Amino acid sequence: MCRNIKTLHNFEPPANEEEIRAAALQYVRKVSGSQKPSKANEAAFMRAVDEVAHTTWHLLSELVTTAVPRDREVMAARARARAAERFGRVA
């Protein structure tokens, strides 16, 4: 999986539209192999982002879990600690 796509399920507060769209954009970039599409492909690229975001929103709204929701700040702190360990500096 693309390292830039973050887990969006089971957070408090839930993932917002901006986070879902960012993940959809990263996915479409990865699949298409294109950071920024050409003018000829821009409409198809953006349509794919819209469709992936829409489908992701539906998926997240229908998933069920009994686990306690994760705290965004705790997860961010863990990620910073991993980055510091991996790269030898605080991210």
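The table below gives the values:
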| quantity | calculated |
| --- | --- |
| Sites matching trypsin sites (Lys or Arg not before Pro) across the range 6-91 that sit in DSSP coil, with at most 12 neighbouring C-beta atoms within 10 Å | K39, R89 |
| The range 11-87: Rg to Rh, with Rh as the Kirkwood radius over Cα pairs | 1.08 |
| Cβ-derived FRET efficiency at R0 41 Å, S38 paired with A83, nearest 0.05 | 0.75 |
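A short reminder: the numbers here are calculations on the coordinates, not readings from a lab. Note that the coordinates shown come from a computational prediction; the quantities given were computed from them, not determined experimentally. Neighbour counts are summed over all protein chains in view; Cβ atoms, including those assigned to glycine, are modelled from backbone coordinates with ideal geometry.
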